[in-house]
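> Here it is, the structure in full.
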Amino acid sequence: MEQQSSAKKTSGALEASRRTFLKTAAIGAGGILFAPSIMRTASAQEKTIVLRVSGGALADAYKKFIIDPFKAASGIEVVMVTSGQAPLNMIKGMVDTKTYSWDMAEFAELSTVTLGDQYLEPINMDNDKNVSAIPANLRSNIYVPLYLYPGIFGYNTEAFAGRAAPQSWADFFNFDDFPGRRSLRRAALDTLEAALLADGVSGADLYPLDVDRAFAKLDKVKKNIDVWWENSPQSTHVISSGEVDMVATWSQRLQPAINEGLPIKLVWNQGYYNTAGWGMLRGTPKADLCREFISFSTDPERLAQWTPALAVGPVHPKAFDFMTPEAGAGLPTNPEIFSKLVKVDPQFWAKNRAAIEARFDAWLLS
């Protein structure tokens, strides 16, 4: 009886914690983009899931094209919480203590490989018509991708008016023939791939990364890099503001600026791609509601509504049936672009990232 009473107290404490979080979110936490009203019945709380996303233009698209329509269709409310890099330690803490401030999150595939099934709930949606249509090599038992995004670079077309523009990573690293200000990511992930491709390594031979060769290539350009950006919004800002002429980043960070009329061109050649999508925290009591959301979000017609504006590639093959040829032509899952891309190896990075990033930090400060 004493154990049963203790369990009831623990369960009540966890539910109280969740109610407190939802109420706090509604009152005005700065990271909340979409919050429920302060007054909420117990039954309404049962029809609410909390979703962590990375923010920016993607979060705006999620709200407009997925979250709001999902609530209208299902009655299930989604509280969207934003944070920067995927907070893996926070997720581990929630699962370890069974205190679920979040139910699911937006992840890059690498993060789901790092967390594994110890911290992420089995998807179990192989029979879902939308999920099952996504290529099996892109999803896993704990992860459903939503879109494909490549690490690429963009350049200011006005800075290259009247002269040859860069068309490859070799050009990006070539300061003699393509003078101009550059910006690279302040991280080994992505930056080492760019360095090796610039040094002549083929996409087929990229992994496992030749780390020594990558650092040797970076040694040659280190003093010429004007900005080492530290967060993805900064990568957009440095080229939009004219601070640099070229920046290595992701397509979804530059396309919104292009849509606003800024003179930026994406270079898809030798892009290295990853996918991003959904994972559920292991043990979340809202797993079935999350599965409804996952199925809704991966509908091909819905994907077609927002992916062109961000230049990310919908992973559902039928999404291209619901957009114009012009809209689909500029997306990374379009076969013409996709053939130029190289897949990032999440297994390599999950195993080696900590050591390589430590080396990169020491190198940058040396």
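> Quick one: order Tyr273, Tyr207 from most to least accessible surface, probe 1.4 Å.
Highest to lowest solvent-accessible surface, that is Tyr207, Tyr273.
> Turning to a different aspect of this structure: I'd like the accessible area for Asp177, computed on protein heavy atoms only with a 1.4 Å probe and all protein chains in place. Round to 10 Å², please.
Surface accessible to solvent at Asp177 totals approximately 110 Å².
> Now a separate question. Can you compute the helix-only [θ] at 222 nm over the chain? Use -39500 (n - 2.57) per DSSP H run of at least 4 residues, normalise by all residues, nearest 500 deg cm²/dmol.
Helix-only estimate at 222 nm: -12500 deg cm²/dmol.
> Helix 2-27 versus the longest principal axis of the chain: what is the Cα-based angle in degrees, 0 to 90, to the nearest 10?
The answer is roughly 50 degrees.
> Related question: Mind running the shape call on the stretch 142-209? Use the C-alpha gyration tensor, a ≥ b ≥ c as the square roots of the eigenvalues: rounded below 1.5 for a/c, prolate if a/b tops b/c, oblate otherwise.
The shape class here is prolate.
> Taking only Cα atoms, what is the 0 to 90° angle, nearest 10, from helix 346-365's long axis to the longest principal axis of the chain?
Approximately 60 degrees, to the nearest ten.
> Leaving ligands, DNA and RNA out of it, work out the accessible area of Thr97 with a 1.4 Å probe and give it in Å² to the nearest 10.
It works out to around 80 Å².
> May I pose another question? Please work out the Cα center distance from the stretch 68-83 to the stretch 142-176, rounded to the nearest Å.
Using only Cα atoms, the two centres lie 35 Å from each other.
> Could you do me a favour and compute the accessible area per residue for the chain, 1.4 Å probe, result in Å²? Intermediate results must be reported in sequence, preceding the final value.
Values: 16160 Å² over 366 residues.
Per residue, the chain has an accessible area of 44 Å².
> Separation of the stretch 222-253 and the stretch 317-331 by C-alpha centroid, Å?
Between the Cα centre of the stretch 222-253 and that of the stretch 317-331, the gap is 28 Å.
> On to the next question. Please compute the contact order of the stretch 210-366 in relative form: average sequence separation of alpha-carbon pairs under 8 Å and at least six residues apart, divided by the residue count, as a percent.
Numbers: 116 pairs, mean separation 32.0, N = 157.
Taking the mean separation of contacting Cα pairs over the length of the stretch 210-366, I get 20 percent.
> Give the ranking of Trp229, Trp268 by solvent-accessible surface, highest area first, calculated with a 1.4 Å probe.
Result of the area sort, largest leading: Trp268, Trp229.
> Please say if the stretch 61-216 is rounded, prolate or oblate, where rounded means a/c under 1.5 for a ≥ b ≥ c the square roots of the C-alpha gyration tensor eigenvalues, and otherwise the choice is prolate for a/b larger than b/c and oblate otherwise?
Because a/c hits 1.5 or more and a/b exceeds b/c, the stretch 61-216 counts as prolate.
> Please label the shape of the stretch 242-366 as rounded, prolate or oblate, based on the square roots a ≥ b ≥ c of the eigenvalues of the alpha-carbon gyration tensor (a/c under 1.5 means rounded; beyond that, a/b larger than b/c means prolate, else oblate).
oblate
> Nearest 10 degrees, 0 to 90: what angle lies between the long axis of helix 188-198 and the longest principal axis of the chain (Cα atoms)?
30
> Moving on. Quick one: divide the alpha-carbon radius of gyration of the stretch 71-115 by 2.2 N^0.38 Å and tell me what you get. Please report the intermediate quantities before stating the final value.
On the way: Rg = 12.5 Å, N = 45, 2.2 N^0.38 = 9.3 Å.
Relative to the 2.2 N^0.38 Å estimate, the stretch 71-115 comes out at 1.33.
> Which of the lysines could a cross-linker span from Lys64 if the Cα-Cα distance has to be under 28 Å and same-chain partners fewer than 8 positions apart are dropped?
Within the straight-line limit of under 28 Å, Lys64 reaches these lysines: Lys23, Lys47, Lys129, Lys265, Lys286, Lys318.
> As a test question: what accessible area, to the nearest 10 Å², does Arg291 have when a 1.4 Å probe is rolled over all protein chains in place?
Accessible area of Arg291: about 40 Å².
> Here is a further query. With a sphere of radius 11 Å drawn around the Cβ of Pro166, what net charge do the other residues whose Cβ falls strictly inside it have (Lys, Arg +1; Asp, Glu -1)?
0
> To continue, here is another question. Got a number for carbon plus sulfur as a percent of the stretch 57-115's accessible area, 1.4 Å probe?
On the stretch 57-115, the fraction of accessible area on carbon and sulfur atoms equals 54 percent.
> Going from most exposed to least, what order do His316, His237 have by accessible area with a 1.4 Å probe?
Numbers: His316 5, His237 105 Å².
Descending order: His237, His316.
The values are calculated or read from the model by the stated rules, or taken from the named source; none is laboratory data. Quantities reported herein were computed from a predicted structural model and do not represent experimental measurements. Every residue, glycine among them, receives a Cβ derived from its backbone with ideal geometry; neighbour counts consider all protein chains shown. Only protein heavy atoms, including side chains, enter the accessible area calculation; ligands, DNA and RNA are left aside. Shrake-Rupley method; radii C 1.70, N 1.55, O 1.52, S 1.80 Å.
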